[in-house]
Amino acid sequence: MGTNFRLPGPTPLPPPVLAAMRREMIPHRGPVFRTMFREVLRLAREIHRTDGDVLIWPGTGSAGWEAAIVNLLSPGDPVLAAVCGAFGDRFARVGVAFGLDVRRLDVPWGEAVTPSALARSLIEHPDVKAVFLTHNETSTGVTNPLPELAVTVRDHGAVIVVDAVSSAGALPLETAGWGLDFVFSGSQKAWMCPPGLMIAAVGARAWEAHARSRFPRFFWDLTAAKESAEQGMTPTTPPLTLLYAYHAALQMIAAEGLDAVWRRHAALGKLTRDGVVAAGLRLFADPAVASDTVTAFLPPEGVTAGALLEVLRRDHGVEAQGGQGHLADRLVRFGHMGWAHEPELRDALGALDRAVAVLGRGRRASAETG
């Protein structure tokens, strides 16, 4: 029995990506690398829907929090963090660690940040210079209404910083069309690559903020990355194998067509939510704001997330994941992003239905003998 990988990251690697990673090393300052890297950046701009800069560093998606802060802000700057889950909370905590004056808009986990709540918070904090938004909150399976939130922030005049780690490459994301200033993600989610790359789309207003920023920086410096990218290079030794993988993944997305990729993920999201409900389980997020890349749901009453995950893994070869923070053992999360398709999702949902039935029989037997 093979493993049905339903983690919300890292995600399964498609054969072309695995094949690309077997390539031999090349001179990372030579013409072959320059040609490939320029093509990577061109495709990344296309898929981010921007004519602006897209820059790449070694690092995970979490590195994007730090890169945004040290490039766009200065110590003591007031910022607003919109928090509706574990990753929004971490973004806020990184800001505190760097000495920013972090104000929080806290929304109950499982709900989305609304434009009206964001507008009220900006009225309360008119001095904020940047707003931290999580496009898709991986910990709760909620997609925030980013286009509307971005309008609210732009009307205020603050810089829009977007954690798109579990949305880029899978959910509609219009960097230029929505007026987003700094959008970062990690290679291990919908990009269909191993962990290890941080990708950031940088808009004109972000460059203006960068010119004013007073944080010290070296490795994450946007100017250094841009100057090197214009020469088809990176400022430090590039992670060649990961860039081979990302190049192959971008080509796959381009070949499928970005709109088709978005439609596929929307269909997979609905399929998963319908399957969870059919198994008699309750979705954590309101379907109106539910994510099409990761679905969070509650285990059966009286059963911990860990117990359900163990049955799925041991008896059915399905690797899913629990919740995070205070929801660690109260939620189960199924990932369906990147190289994900209907057959394996139907298999996983069938396994879920059987696991729930087994656990239900076990509870009834325990109650009868107790």
* Asked: Could we say that G177 is more than 11 Å from L55 (Cβ to Cβ), free of Cβ contacts under 8 Å to residues at least 12 places away in the same chain and in the same structural domain as G76 (by TED's automatic domain parsing) here?
  -> no
* Asked: Do we have R6 as over 17 Å from Y244 (Cα atoms), surrounded by 14 or more Cβ atoms within 10 Å (Cβ to Cβ) and of a type in the set (K, R) here?
  -> yes
* Taking the stretch 275-327 only, how many residues are of a type in the set (A, V, I, L, M), more than 23 Å from the chain's Cα centre (by Cα) and either in the same structural domain as G110 (by TED's automatic domain parsing) or under 16 Å from A348 (Cβ atoms) (or both)? -> 7
* T272 vs. criteria at pLDDT 95 or above and either in a strand (DSSP E or B) or in the same structural domain as D77 (by TED's automatic domain parsing) (or both) -> no
* Asked: Out of all the residues in the stretch 114-153, which are touching a residue at least 12 places away in the same chain (Cβ under 8 Å) and hydroxyl-bearing (S, T, Y)?
  -> T114, S121, T134, T138, S139, T140, T143, T152
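The values are calculated or read from the model by the stated rules, or taken from the named source; none is laboratory data. If you're wondering where the values come from, they're calculated on a predicted model, not measured in any experiment. Ideal geometry is used to build each Cβ from the backbone, glycine not excepted, and the neighbour counts take in all protein chains shown.
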